[in-house]
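Below: the structure, in structure tokens.
The values are calculated or read from the model by the stated rules, or taken from the named source; none is laboratory data. It should be emphasised that the depicted structure is a prediction, and the values quoted were computed from it without experimental measurement. All Cβ positions, glycine included, derive from the backbone under ideal geometry; neighbour counts span all protein chains shown. Keep in mind that these areas ignore ligands, DNA and RNA; they rest on the heavy atoms of the full protein, side chains included. Shrake-Rupley method; radii C 1.70, N 1.55, O 1.52, S 1.80 Å.
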Amino acid sequence: MDGFKRACLEYHIAFDEATHLLVNKGNGKEQAREIIEKYLREHKRETLPSAIICGGDPIAQATLEVLREHGILVPEDISVMSMDFAHGVKNLYPMDFTAVNLPCRELGTEAVYILQSRLMRASGAKFNLLLQGKIHPGQSVADVKWKRKGLYPPQVGL
């Protein structure tokens, strides 16, 4: 979350936790459905965000279902994506949304190596390790170039 907030500041995007952050205690679909339903009831359609980033695949699936029930088109009206850990288990439902899957097992393995290294050499260099996630391309994120068509007049004579 801190990285997301820093990115918003860097790109001069207003981020207000009271408005832009929905907290789901846990990873359950039902609670996610309730939270999204409540958000849609409390906000006018024209004030809805252009994108929703979900903290897990079940939450993203619930968000997609609620948006569709309310006649909100994904990705035409709102883009939806998920960030979740890749556990190596097969999903119980088809993923028709875009997701960034973080390498859960690899992260654990590297954490053990780092911990062993620090125990063996307490005075050694300390560092952070970032493992790259893998993108699962789905049909839930709008193409930015498509969204921008017609916003700028064609450049004549250049």
Taking the stretch 130-158 on its own, how many of its residues are at pLDDT 65 or above, in a loop (DSSP other than H, G, I, E, B) and open to solvent by 80 Å² or more (accessible area, probe 1.4 Å)?
5
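Which residues, taken from the stretch 5-22, are among the aromatic types (Phe, Trp, Tyr) and surrounded by 12 or more Cβ atoms within 10 Å (Cβ to Cβ)? So that I can check it myself, show each step before the final result.
Going residue by residue through the stretch 5-22, those that are among the aromatic types (Phe, Trp, Tyr) are 11, 15.
Across the stretch 5-22, the qualifying residue is only 15.
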Quick count over the stretch 51-73, residues being more than 18 Å from residue 101 (Cβ to Cβ), open to solvent by 20 Å² or more (accessible area, probe 1.4 Å) and either in contact with a Lys or Arg (Cβ under 8 Å, 6 or more places away or on another chain) or basic (Lys, Arg) (or both), is 2
The stretch 21-49 residues that are acidic (Asp, Glu), paired with ones that are in a helix (DSSP H, G or I) (beta carbon under 8 Å, 6 or more apart):
30/62; 37/66
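Quick one: is residue 96 assigned to a strand (DSSP E or B) and without any contact (Cβ under 8 Å) to a residue 60 or more places away in the chain? Write out each step before concluding.
Working: assigned to a strand (DSSP E or B): no; without any contact (Cβ under 8 Å) to a residue 60 or more places away in the chain: yes.
So residue 96 fails the test.
Please determine whether any residue of the stretch 10-17 is part of a loop (DSSP other than H, G, I, E, B), in contact with a helix residue (DSSP H, G or I) (Cβ under 7 Å, 6 or more places away or on another chain) and not small (Gly, Ala, Ser). Can you show your working first?
Step one: list which residues in the stretch 10-17 are part of a loop (DSSP other than H, G, I, E, B), which gives 11-16.
Restricting the remaining residues to those that are in contact with a helix residue (DSSP H, G or I) (Cβ under 7 Å, 6 or more places away or on another chain) gives 15.
Cutting the leftovers down to not small (Gly, Ala, Ser) gives us 15.
So far as the stretch 10-17 goes, yes, one or more of its residues are part of a loop (DSSP other than H, G, I, E, B), in contact with a helix residue (DSSP H, G or I) (Cβ under 7 Å, 6 or more places away or on another chain) and not small (Gly, Ala, Ser).
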Could you tell me which numbered condition residue 81 fails, if it satisfies all but one of (1) open to solvent by 20 Å² or more (accessible area, probe 1.4 Å); (2) free of Cβ contacts under 8 Å to residues at least 40 places away in the same chain?
(2)
Within the stretch 23-35, is there a residue that is farther than 23 Å from residue 138 by Cα, at pLDDT below 85, open to solvent by 60 Å² or more (accessible area, probe 1.4 Å) and part of a helix (DSSP H, G or I)?
no
